[in-house]
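Peer 1: Shown below is the structure under consideration.
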Amino acid sequence: MKTSLDPITLEIIQNSLQAISDEMFAAMRKTAMSAIIYEVLDMGTGITDGAGRMATSGAGIPGFVGVLDKAVQGIIRLHPRSEIHPGDVFVTNDPYYGGVTHLSDIVLVMPVFAGKRLIAWTANIAHWNDIGGMVAGSMSSISTEIFQEGLRLPAVKLIERGRPIRAVLEIMKTNSRLPDYLLGDMWAGIAALRVGERRILELAGKYGVGTFEAALERHFDYGERVALAALKTLPKGRFSLEEVQENGDTYKVTVEITDTTFTVDLRDNPPQNPGPYNISGDAALVSTQMFFKAITDSSRGANAGHLRPIRLHTRPGTVFHVREPGAAGYGFEVSMRLYDLLWRCLAPHLGPHRLPAGHFASICGTVIGGVNPDTGRYFTIVEPQIGGWGATAERDGLNANYSSAHGETLRCPVEVAEARYGLYVDQFKLNDAPGGEGEFCGGKGIVLDYRVRSDGCFLTVSYTRSRFKPWALAGGREGSSNHVEIIRRDGSRETYATVTALRLNKDDVIRIHTANGGGYGDPARRSRGRVLEDLKNGYVSAEGARAVFGVEP
């Protein structure tokens, strides 16, 4: 049969793959058990070709979507082709076996066969509320090796030829404190994979397997051409930055940009952290890919071709390339730090209109658990927070948005949180703390109060950008800090940026503060009218108007 490669057919196939990824996302969202998936959308979907190359970036968190091709490639390396069959489903969560991030992020993948030919893989990833480990919620700031962080699923088969492997399911259930939610979220992910498989087979059947595969190759080449054209618009040379972190370590990055390559060197970095603040080499690649895509072609989805110009150098045994059995439970904060490091390194060189000042730059992952007094059932809430973005040379920063690595996530509505969990939401407002002043001001973070409704609850957090605040540009002022304040029912107060399994009792209040973004330009250049508007909106105090902006209210 003759392979048709006309431009219209190629475009239809590529857009169809994007639509299939979106349909997978919708199927998973509608059937998941956990609010962090169906409300927050802490998930991602995608499709690779038969060799595990990203064919479409799908929907969801960019940092999650970037994991999927690496997970598929890991499974291909670990399983001979003779062991991969139609109807199989594989599962991985282990950074050392294709899981890339941490054990709470579960990747499910499924091969797609046209006859005997493996033509694609469908894949998804989502954060599951509890996968075992030393603390509820499977996230601990005090873990020292990966064995403490939960059940490791090293790219194993979960379903074979359409039949669930009962032993694997029982092991997963038994190791979770929330087995019902685990099973519900697992079957939602499997349903999404099967939707994708069915649609891909319909597409390949309509146009022919040869045309389908040729369309992917053409689109990879097109993605590379787009990336190379964008590279030509970037400043050329070597750019370096060092930045001290919350724990006293200094992270370093060197970026070299040519007309054909974007090289990131992370080899000169601290030894891997003794705790959970490490990432795999693949996770470092994901952060690099996201940043590269943001500054070259942020208007459309990615495929493997877009990412061909990237060269990443890491050194095993460092914080950006952890060796087994190093812990990685809070690796997402290290990934966020790397993304922000790249951003800060290049912002002064890309021009005042391309990259804003620093934002709150933390996932601000918040885990709260206990017994719901209405139902008597155990609950765990796992949620990222929103915060302020940095100002640009043209406008103030955005208020209350997710971090740059989060993409299409949403907040869990107050009504859902109160109905599903043993908490009241007493306050949810923009952060009026000083910070981020400038000719253009950084966006506002939030202040969020959760009031605990039963004794014996717990809180686990680890926020960065607490000690070292969001950075400013062109003479603006740095932002405020990310932190959590505990207001006990006796009125006493405690402040934390990092804490594991902190005991909470009825009527204790968890007050979450996320940072204001960094400012741009000298605050003295901000117009009097803007300052008065800030004063009216509560963004600045009368004292701040006088002292910072030189405006008399």
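The values are calculated or read from the model by the stated rules, or taken from the named source; none is laboratory data. If you're wondering where the values come from, they're calculated on a predicted model, not measured in any experiment. Cβ coordinates were reconstructed from backbone atoms using ideal geometry, including for glycine residues, and neighbour counts include every protein chain displayed. For the accessible areas, the whole protein counts, side chains as well, though only heavy atoms, and no ligand, DNA or RNA atoms are used. Shrake-Rupley method; radii C 1.70, N 1.55, O 1.52, S 1.80 Å.
Peer 1: Please go through the stretch 358-384 and give me each residue that is under 20 Å from the mean Cα position of the chain (by Cα), assigned to a loop (DSSP other than H, G, I, E, B) and on the phi < 0 side of the Ramachandran plot, ordered by number.
Peer 2: G358, H359, F360, S362, I363, G365, P384
Peer 1: Same structure again: Within the stretch 13-25, can you find the residues that are in contact with a Leu (Cβ under 9 Å, 6 or more places away or on another chain) and either open to solvent by 60 Å² or more (accessible area, probe 1.4 Å) or of a type in the set (G, A, S) (or both)?
Peer 2: Matches in the stretch 13-25: S16 only.
Results for (1) of a type in the set (G, A, S); (2) crowded, with 23+ Cβ neighbours inside 10 Å, shown as yes or no for each residue.
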position: E415; (1), (2): no, no
position: G436; (1), (2): yes, yes
position: C441; (1), (2): no, yes
position: K444; (1), (2): no, yes
position: R451; (1), (2): no, no
position: S454; (1), (2): yes, no
position: D490; (1), (2): no, no
position: R493; (1), (2): no, no
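Peer 1: If the Cβ limit is 7 Å and pairs must be 6+ apart or interchain, which residue in the stretch 369-393 that is over 15 Å from L178 (Cβ atoms) pairs with which residue that is of a type in the set (K, R)?
Peer 2: From residues that are over 15 Å from L178 (Cβ atoms), the pairs are P373/R453; I386/R411; G388/K444.
Peer 1: If T233 meets every condition in (1) among the polar types (S, T, N, Q); (2) under 20 Å from P348 (Cα atoms); (3) out of contact with any strand residue (DSSP E or B) (no Cβ under 9 Å at 6 or more places or on another chain); (4) surrounded by 15 or more Cβ atoms within 10 Å (Cβ to Cβ) apart from one, which number is that one?
Peer 2: Evaluating T233 over (1) among the polar types (S, T, N, Q); (2) under 20 Å from P348 (Cα atoms); (3) out of contact with any strand residue (DSSP E or B) (no Cβ under 9 Å at 6 or more places or on another chain); (4) surrounded by 15 or more Cβ atoms within 10 Å (Cβ to Cβ) leaves (4) as the failure.
Peer 1: Could you check how many residues of the stretch 152-184 are at negative phi and crowded, with 19+ Cβ neighbours inside 10 Å?
Peer 2: 9
Peer 1: Let me ask something additional. A283: modelled with pLDDT of 95 or more, among the aliphatic types (A, V, I, L, M), under 22 Å from the mean Cα position of the chain (by Cα) and open to solvent by 20 Å² or more (accessible area, probe 1.4 Å), yes or no?
Peer 2: no
Peer 1: Give the residues of the stretch 472-486 that are crowded, with 24+ Cβ neighbours inside 10 Å, among the aliphatic types (A, V, I, L, M) and either touching a helix residue (DSSP H, G or I) at 6+ places or on another chain (Cβ under 9 Å) or farther than 20 Å from Y520 by Cβ (or both), sorted by residue number.
Peer 2: Correct list: V484 only.
Peer 1: Here is a further query. Mind listing whichever residues of the stretch 502-540 are open to solvent by 60 Å² or more (accessible area, probe 1.4 Å), outside any helix (DSSP H, G or I) and of a type outside the set (S, T, Y)?
Peer 2: R503, K506, D507, D522 - these are the residues of the stretch 502-540 that are open to solvent by 60 Å² or more (accessible area, probe 1.4 Å), outside any helix (DSSP H, G or I) and of a type outside the set (S, T, Y).
Every residue, every condition in (1) modelled with pLDDT under 95; (2) touching a Phe, Trp or Tyr at 6+ places or on another chain (Cβ under 6 Å), yes or no:
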site: T263; (1), (2): no, no
site: N269; (1), (2): no, yes
site: Q272; (1), (2): no, no
site: T288; (1), (2): no, no
site: K293; (1), (2): yes, no
site: R300; (1), (2): yes, no
site: A304; (1), (2): no, yes
site: P309; (1), (2): no, yes
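Peer 1: In addition: Quick one: W389 ticks every box in (1) open to solvent by less than 50 Å² (accessible area, probe 1.4 Å); (2) touching a Pro at 6+ places or on another chain (Cβ under 9 Å); (3) within 14 Å of T514 (Cα to Cα) bar one, so which box is it?
Peer 2: Status for W389: all satisfied but (1).
Peer 1: Among the strands (runs of 3 or more DSSP E) contained in the stretch 26-117, which hold 2 or more residues that are open to solvent by 10 Å² or more (accessible area, probe 1.4 Å)?
Peer 2: Correct list: 105-114.
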